[in-house]
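The values are calculated or read from the model by the stated rules, or taken from the named source; none is laboratory data. What you see is a predicted model; the values in this text were computed from it and never measured. Glycine also receives a Cβ, built like all others from the backbone with ideal geometry; neighbour counts cover every protein chain displayed. For accessibility, only protein heavy atoms count, side chains too; no ligands or nucleic acids. Shrake-Rupley method; radii C 1.70, N 1.55, O 1.52, S 1.80 Å.
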Amino acid sequence: MKFPKTFLWGGATAANQYEGGYLEGGKGLSTSDAMTNGSHTVPRRITWKDTEGNIHEQPSGFGFTMNLPEGAEVVTAEGYYYPSHTATDFYGHWKEDIALMGEMGFRCFRLSINWARMFPKGDESEPNEAGVQFYSDVFDECKKYGIEPLVTLSHYETPLYLANHYDGWVSRDLIDFYVNYARTCFERFRGKVKYYLTFNEINAIGMMPYMGGGVLHDTPLNRAQAAHHQFMASALTVKAAHEMDPDLQIGMMLAYQPVYGYSCDPADQLMALKFMDDTCFYSDVQMLGRYPNYKLEEYKREGIEVKMEADDLEILRTYPCDFLSFSCYGSSTVSAKKEGVKGGGNMFAYAVKNPYLETNAWDWATDPDVLRIALNQLFNRYHKPLFVVENGIGWADVKEEDGSVHDSYRIDYLRANIRSMRDAVNLDGIPLMGYTMWGCIDLVSAGTGEMRKRYGFVYVDRDDEGNGTLARSRKDSFFWYKKCIESDGEDLD
Ligand code: BGP
């Protein structure tokens, strides 16, 4: 069994974790530029300044939420280490990195544009030309290797100015700023980029509104309002794209994990179903074009009244996304009785440990059937093309003296996941556009701000305190993935 020749094999990154060059070429600050490093046990922090000029830090922990006093602002401050500032310096290594991707045979490279590199404050009408030039050069370089860029317009960063002056996506003004930014990309990167994603893991806005949308005053209503504004921005971006260039395809992006009930107790199954609804609320709006009943009832129960303009619902109905992309690292298991040991995972902190699955050092479970299950669930709900844009395993890799890394655990993980995806395509007939492995070149972890938690096929010499030469070297998985792509996913040995 194999994948079609048109399958978009590749890797995924995000500017705030990879690009660096945080003040180069006129870039403005992003929300992520004020997030410090952390670890599996120590949360990342966000630094802010009160009206007297005193610096504070907000331990974010799980959730990345903020509740600032009136007049306070998020800032960067002396004496803190902010990993996004250099990250793994794609800004200084883009030619080398794209060549490595070409060597592996990538047909697709998922990267995000840093909104504040294009519009340093976020509310300008004209872009920063140096930012436009940078991305334009990157896309031209991709073309040399036959690599199709897949561009996320907003991956866990909002221009910091918009957070401080508008409370991020709580403000309806951000819709226009974002659509202007999106239109600028469509115009300036015409013929270079065909696939865009509007918001990385859009469900993040409901769980970690600072990270997902630069929200500085976190309340249940503000979360719901910010989500509505992102839905509107996404729908209007689809509209603009289709009007400006019929070749463009706009995807939504969801953090997805199939949720299992711990036992066949109906209470566990119901709980799993409700957790899945919590996630699928976001894709129901963006793919089906309407707010689902279960969410409207929940808002009513909780007294949340989202402000909408007269034609908002009509716009959502008319401009759903063209395809659904998602991240999926493993599954989650829930129990109504809270049995079992507490498990970890990508944003889903409520999980219990699944006794059938192994976990890595960060407690993320590896599930060999997860992609087949996820792809079936999502296709049978939305009947639109799918794209796996994040999947992979974080590991504290050890580099040998000659630069090699023997990451057999990563190869085992990818083998199981790609096989599961291949079954979904060949046995279940799922229309899958491609697969971009997360963090293809080592980058900073979003959850912990560490370098130690590595995902890449390529090792980058950089540690948790910012030391290292940033030199690149190939891991064993680099050669394995190259062989996998060459054989269209048939050879997974
Ligand atoms: C997803 C994010 C990515 C990425 C990944 C791995 O939620 O979209 O930005 O970081 O998770 O998470 P982490 O970096 O915390 O290991």
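Scan segment 359-376 residue by residue and report those that are within 30 Å of Thr65 (Cα to Cα) and open to solvent by 40 Å² or more (accessible area, probe 1.4 Å). The answer is Thr359, Ala361, Asp363, Trp364. Residues of segment 410-435 that are in contact (Cβ under 8 Å) with a residue 40 or more places away in the chain, touching a Ser or Thr at 6+ places or on another chain (Cβ under 9 Å) and not small (Gly, Ala, Ser): Arg410, Ile411, Tyr413, Leu414, Asn417, Met433. In segment 265-281, the count of residues that are at pLDDT 95 or above and small (Gly, Ala, Ser) is zero. When segment 41-65 is filtered for residues that are at pLDDT below 85 and either in contact with an Asp or Glu (Cβ under 6 Å, 6 or more places away or on another chain) or open to solvent by 80 Å² or more (accessible area, probe 1.4 Å) (or both), the ones remaining, listed by number, are Pro59, Phe62, Thr65. Which members of segment 219-259 meet the condition of being open to solvent by 30 Å² or more (accessible area, probe 1.4 Å) and outside any helix (DSSP H, G or I)? Across segment 219-259, the qualifying residues are Thr219, Pro246, Asp247, Gln249. Segment 391-493 holds strands (runs of 3 or more DSSP E) entirely within its bounds, and those carrying 1 or more residues that are open to solvent by less than 20 Å² (accessible area, probe 1.4 Å) and not hydroxyl-bearing (Ser, Thr, Tyr) map to 432-438, 458-460.
Conditions (1) more than 30 Å from Lys483 (Cα to Cα); (2) in a strand (DSSP E or B); (3) over 23 Å from the mean Cα position of the chain (by Cα), marked per residue:
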site	(1), (2), (3)
Gly21	yes, no, no
Gly28	yes, no, no
Ser39	yes, no, no
Thr65	yes, no, no
Glu70	yes, no, yes
Glu78	yes, no, yes
Tyr81	yes, no, no
Thr88	no, no, no
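In the set (1) within 30 Å of Lys5 (Cα to Cα); (2) of a type in the set (A, V, I, L, M, F, W, C); (3) open to solvent by less than 10 Å² (accessible area, probe 1.4 Å); (4) away from the ligand (no atom under 16 Å from the Cβ), the condition left unmet by Leu100 is number (3).
Only one entry of Gly447, Gly434, Gly429 meets the criterion of being at pLDDT 95 or above, within 29 Å of Asp363 (Cβ to Cβ) and not polar (S, T, N, Q), and that entry is Gly434.
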